[in-house]
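The values are calculated or read from the model by the stated rules, or taken from the named source; none is laboratory data. Source: prediction; values computed, not measured. Every residue, glycine as well, gets a Cβ built from its backbone with ideal geometry; the counts of neighbours run over all protein chains shown. Ligands, DNA and RNA are stripped out before the accessible areas are found, and what is left, the full protein with its side chains, is counted by its heavy atoms. Shrake-Rupley method; radii C 1.70, N 1.55, O 1.52, S 1.80 Å.
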Amino acid sequence: MNSYSGIGVSPGFAIGEAHLLLRDRTDIVPRFIEPEEIPDEVDRFRQAVTGARRQLRAVREKIAQHTRSDIAAFIDTHLLMLNDEALVEAPIASIREKQCAAEWALQLQRDALVRIFDEMEDPYLRTRKDDVDHVVNQILKNLHQEDEDDDLHQLEGKIIVAQDLTPADTILMRHQGVAAFVTEYGGPMSHTAILARSLGIPAVVGVHEATQNIEDTQQLIVDGQQGLVIVEPDGETHDQYLEKIEAERSRTASLQELIGKPAETLDGHRIQLLANIELPEDIATTRDLEADGVGLYRTEFLYMNRSDIPDEEEHFQAYRQVVDGLNGIPVTIRTLDLGADKQIDGSSVDESPVCNPALGLRAIRLCLKEPQLFMPQLRAILRASAFGPIRIMIPMISNLQEVRELKQLVQEAMNSLTRDGIGFDADIPIGGMIEIPAAALAANAFARELDFLSIGTNDLIQYTIAIDRVDDEVNYLFDPLHPSVLRLIQMVIDAGHTHNIPVSMCGEMAGDPRYIPLLLGMGLKMFSMQPGALLEAKRIFRNINATELQARVAPLMTQLDAPDTPERLTRLSGPDA
Ligand code: PEP
Ligand code: MG
């Protein structure tokens, strides 16, 4: 039995047989063909392209029935590329003129295109080379004559192990009943991770050399919670996981009974349970699970997996769809948070020209620097605010100047809409995400100028402890219970109370059953989490006493450095506390 750790990006457990998807371009060795082989080689290449088109169209048709417009757009982009001369005709020219084998000819053209993308000034466009890779892989798969049936069909119950997966593959997998997947590349924000979460498929990414260490048909366990892949588990481990899967199943079923009941503690405190949403289908889940609102709508997902930038109308349509679909519950739209972990799919993560993108020009910094990118989004949010309650939330604020500049831009957007005769909510609340330690330490100042605050613990912990949130080498240091992190969180909650503005938490910590009682004891009343975590959180709230927890937590907060405090906090934070 061996186990490999990666990053668990989609929770849940699965047991099944490994199915390796091998598309390693390093296999491609330069190979010349004889002149008389040229016509057949061109033919082989053309057939591979046709095969790739056929497969993508099949995926496209399938998803059309499932109204996945965002994902359909990925596939459309890839289909367009398959019709593009740059990708299709250039390799044919290399086969004819240089006598290159088809795979090599394709690889040469892929490298040439990627070089062009790399030279682009615009960091967003630079990331589009992932699309080139996805399309190249699709053609290569056909060139390798991998049997389509063997590849993405008959995968019922299998665990896919791949270097990376295309969005098209991931969607197909849902239809094929794939049990889980494991990839070598990618962080929590890679295409595949995003889709896995929204599709409810357990997934672990960043498992280095998975395709070398795991063999086809080996028995695997995927633990999407802990980011663990166990190969050929022994009987005991296998049985433990079977039990976990069973427990998970009955737990999910019993949680459904909580729909329709309030998120209220034993002593009558009503907690606001909010959803973090990304993709359009999160709307239905959020509505069905009766969230009190959306605490975080990650709009940067509108920018991903495509070759152009969304215009104002597209932003507007997306926001309108969310507002209309949520029947009047408030929606907190976070303005664009591109950069660092949200730039790209993990396969090109090391290509960033910036030394440390997490500390660079990202989120609100990027938006303020590039108002032409930002203005269409602001106008669209404001336009959508005429159709339902919307709040604007600014990511990564670090000083008040940013808040003032943002407000200035919002005012300009309002003025331009007024000039155009378009309606909007003139009192739209503007809040900020507290995810930088400097902002937490200055929470009072932000609370004076903003309508609400939301604590982004994913980044707050990363910056407080100085660990990259997507680097599994330092993941062991990622500790929500670190005294410094808790002090910062407490400061933000207190600032909200002092200035009488709402404070929520939308980092993963808020939806983690281990920390919910502690956070409630610290005075937090608004919890925002991925929709799948809402019912479990509600179950916890309905079984705890807020007043009692506050009385237990207050003294602990004054002794955070005492040696036994972490242990006491852990006990307190147990789901059955
Ligand atoms: C966070 O940083 O906690 C957060 C919610 O934002 P994101 O994970 O999108 O950076
Ligand atoms: Mg963040």
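Beta carbons closer than 7 Å, at least 6 apart along the sequence or on distinct chains, pair a first residue in region 113-135 that is modelled with pLDDT under 65 with a second that is open to solvent by less than 40 Å² (accessible area, probe 1.4 Å) and β-branched (Val, Ile, Thr) for Thr127/Ile344.
Residue check: is Tyr303 aromatic (Phe, Trp, Tyr) and at pLDDT 95 or above? It is false that Tyr303 is aromatic (Phe, Trp, Tyr) and at pLDDT 95 or above.
Any chance region 54-65 includes a residue that's crowded, with 17+ Cβ neighbours inside 10 Å and modelled with pLDDT of 90 or more? Looking for residues that are crowded, with 17+ Cβ neighbours inside 10 Å and modelled with pLDDT of 90 or more, one finds none in region 54-65, hence no. Taken together, Pro202, Pro233 contain a single residue that is farther than 26 Å from Thr332 by Cβ, in contact with a Ser or Thr (Cβ under 9 Å, 6 or more places away or on another chain) and modelled with pLDDT of 95 or more, which is Pro233.
In the set Gln462, Gln490, only one residue is away from ligand 1 (no atom under 16 Å from the Cβ), closer than 27 Å to Pro517 by Cα, out of contact with any strand residue (DSSP E or B) (no Cβ under 6 Å at 6 or more places or on another chain) and in contact (Cβ under 8 Å) with a residue 24 or more places away in the chain; that residue is Gln490.
Could you check how many residues of region 415-440 are within 16 Å of ligand 1 (Cβ to nearest atom) and open to solvent by 10 Å² or more (accessible area, probe 1.4 Å)? Total satisfying the criteria: 3. Taken over region 309-342, residues that are out of contact with any Lys or Arg (no Cβ under 9 Å at 6 or more places or on another chain) and either at pLDDT 95 or above or open to solvent by 10 Å² or more (accessible area, probe 1.4 Å) (or both) amount to 12.
Considering (1) open to solvent by less than 50 Å² (accessible area, probe 1.4 Å); (2) at pLDDT below 95; (3) within 14 Å of ligand 2 (Cβ to nearest atom), the lone condition that Pro531 does not fulfil carries the number (3). Of the residues Ile489, Ile493, Ile501, only one is in a loop (DSSP other than H, G, I, E, B) and modelled with pLDDT of 95 or more; which? So the residue among Ile489, Ile493, Ile501 that is in a loop (DSSP other than H, G, I, E, B) and modelled with pLDDT of 95 or more is Ile501. Among residues of region 441-457 being in a helix (DSSP H, G or I) and not hydrophobic (A, V, I, L, M, F, W, C), the one that is nearest to ligand 1 (Cβ to nearest atom) is Thr457. Restricting attention to region 282-304, the residues that are open to solvent by 10 Å² or more (accessible area, probe 1.4 Å) and either within 16 Å of ligand 2 (Cβ to nearest atom) or under 14 Å from the mean Cα position of the chain (by Cα) (or both) total 6.
For the structure I just gave you, tell me whether Gly177 is within 16 Å of ligand 2 (Cβ to nearest atom) and at pLDDT below 90. For Gly177, the condition - within 16 Å of ligand 2 (Cβ to nearest atom) and at pLDDT below 90 - is not met. Pairing residues of region 415-436 that are more than 13 Å from Arg383 (Cα to Cα) and free of Cβ contacts under 8 Å to residues at least 40 places away in the same chain with residues that are assigned to a loop (DSSP other than H, G, I, E, B) and open to solvent by 40 Å² or more (accessible area, probe 1.4 Å), at Cβ distances under 8 Å and at least 6 apart in sequence or on separate chains, gives Pro429/Asp451; Ile430/Asp451. Quick check on my filter: what residues within region 493-532 are β-branched (Val, Ile, Thr) and closer than 14 Å to Pro480 by Cβ? Of everything in region 493-532, just one residue is β-branched (Val, Ile, Thr) and closer than 14 Å to Pro480 by Cβ, namely Ile516. Given the structure, is Glu473 away from ligand 2 (no atom under 16 Å from the Cβ), closer than 19 Å to Met396 by Cα and free of Cβ contacts under 8 Å to residues at least 60 places away in the same chain? In short, no.
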